[in-house]
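First up is the structure itself, then whatever we jot down about it.
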Amino acid sequence: MIQDLHCHSYYSFCGKDSPETIVKAAIEGGIELLGITDHNYGIGFLRKDAFKAPADSVKQSYEPRIFERYCDHIGLIREKYADRIKLLCGIEIATQTSYPKMALPEDADISFFDYCLIEHLDDCSSMTEGDLFSFAKRCGCKWVGVAHTDMFKFIRARGDDPLEYFTKMAESNIFWEMNVSYDSIHKYIEHQYMLDFFSDKAQQDIVRRSGVKLSVGFDGHRIEDYLPQRVKEYCKKIKDLDIPLVFQDL
């Protein structure tokens, strides 16, 4: 299945387009499964002025039903285009405590999202404290992904065995994202970890043996930058490696 499980709408302060506009672009590009994953703070604060206000003037918590309203919006779009594309409601979780207004508040419930993507796992200020498995349980989603992270570097820095770690990820419904962004927002810089993986047979063998699932995400922020053919190419690369994509059976 041609999937793109990482994109941002105007709910993310860095995104420009409406969720429906993004869905239409994905349909036109031949994407079969799309996941919209706006940033937790974009959804939670709603307004950029609130997000940028001094920390002592805006509470670091969200209105209790703010995430439900967001999922309701995505749900309406999912129903409208159900005969043309499969749409999932995801969320990207910022975990850097050095930027407290970005990090997910402790009391925020995201368990009802189809999945979440965790970013900053390898940052020294991450609220995960490097413990992916405990934080994934805290998120409460059935599926959890690790976004744009060099997992082999992260695992080895912890002193863990990559095969054992990836196997535990597979057992815990945690997938690894191949971020294939190539756009103006990211200054047309490709993620080196992703390039390394597709050229390293040893890494591919470990992932294949572990049973961990991968995802492909363009991490789009502007539809004029969107390259669905690039998404298709990397979905095919993963299929050709005989490595499963998450949600491939939907």
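Mind putting a number on the dipole of region 132-232 about its Cα centre? Charges go on the C-beta only, +1 for Lys and Arg and -1 for Asp and Glu, and I need it in Debye to the nearest 20.
Rounded to the nearest 20 debye, it is 320 debye.
Taking the chain as a Gaussian network, Cα atoms linked when under 10 Å apart, which of 108, 157, 170 shows the biggest mean-square fluctuation?
157
Mind checking the per residue accessible area of the chain for me, 1.4 Å probe, whole number of Å²? Don't jump to the answer; show the numbers that get you there.
Working: 11640 Å² over 250 residues.
I get 47 Å² per residue for this part.
Please list, or write none, the lysines whose alpha carbon is within less than 17 Å of the alpha carbon of residue 201, excluding same-chain residues fewer than 8 places away.
Straight-line reach from residue 201, under 17 Å: 153, 213, 236, 237, 239.
Holding the Cα-Cα limit at 18 Å, pick out from 86/187; 24/86; 16/187 the pairs that are longer than that.
86/187
From the phi of every residue in region 32-46, what ³J(HN,Hα) in whole Hz does the Karplus formula 6.51 cos²θ - 1.76 cosθ + 1.60 yield, where θ is phi - 60° and glycine or proline is x?
Karplus values, whole Hz, x for Gly and Pro: 9, 9, 10, x, 8, 10, 6, 5, 4, 6, x, 5, x, 8, 6.
Out of residues 5 or more away from residue 241 or on other chains, whose amide H comes under 5 Å of its own, with H placed 1.01 Å from N in the peptide plane?
For residue 241, no residues qualify.
Report the charge-dipole magnitude of the chain in Debye, nearest 20, computed about the Cα centre from +1 at each Lys and Arg Cβ and -1 at each Asp and Glu Cβ. List each step's numbers first, then the result.
Values: 31 positive and 41 negative charges, 50 e Å.
In total the dipole reaches around 240 debye.
Please label the shape of region 131-187 as rounded, prolate or oblate, based on the square roots a ≥ b ≥ c of the eigenvalues of the alpha-carbon gyration tensor (a/c under 1.5 means rounded; beyond that, a/b larger than b/c means prolate, else oblate).
oblate
Please report the equivalent ellipsoid semi-axes of the chain, computed as sqrt(5 x eigenvalue) of the Cα gyration tensor, largest first, in whole Å. Present the calculation step by step, with values, prior to reporting the outcome.
Numbers: eigenvalues 140, 106, 54 Å².
Ellipsoid semi-axes (Å, largest first): 26, 23, 16.
Determine the share of region 163-250's accessible area contributed by carbon and sulfur atoms, expressed in whole percent, with a 1.4 angstrom probe.
After summing per-atom areas, the C and S share lands at 48 percent.
Given the Cα-Cα distance of residue 208 and residue 124 and 0.36 nm per residue of separation, how much length would full extension add, in nm?
Values: separation 84, 0.36 × 84 = 30.24 nm, distance 2.90 nm.
That pair, residue 208 and residue 124, stretches by 27.3 nm at full extension.
Can you give the extra length, in nm with one decimal, that the chain gains between residue 98 and residue 158 once fully stretched, where that is 0.36 nm per residue apart less the Cα-Cα distance?
This chain segment gains 19.5 nm when fully extended.
The values are calculated or read from the model by the stated rules, or taken from the named source; none is laboratory data. Remember, it's a predicted structure, so these values are computed and weren't measured experimentally. Cβ sites come from the backbone with ideal geometry, for glycine too, and all protein chains shown count toward neighbours. Accessible surface areas use protein heavy atoms only, side chains included; no ligands, DNA or RNA. Shrake-Rupley method; radii C 1.70, N 1.55, O 1.52, S 1.80 Å.
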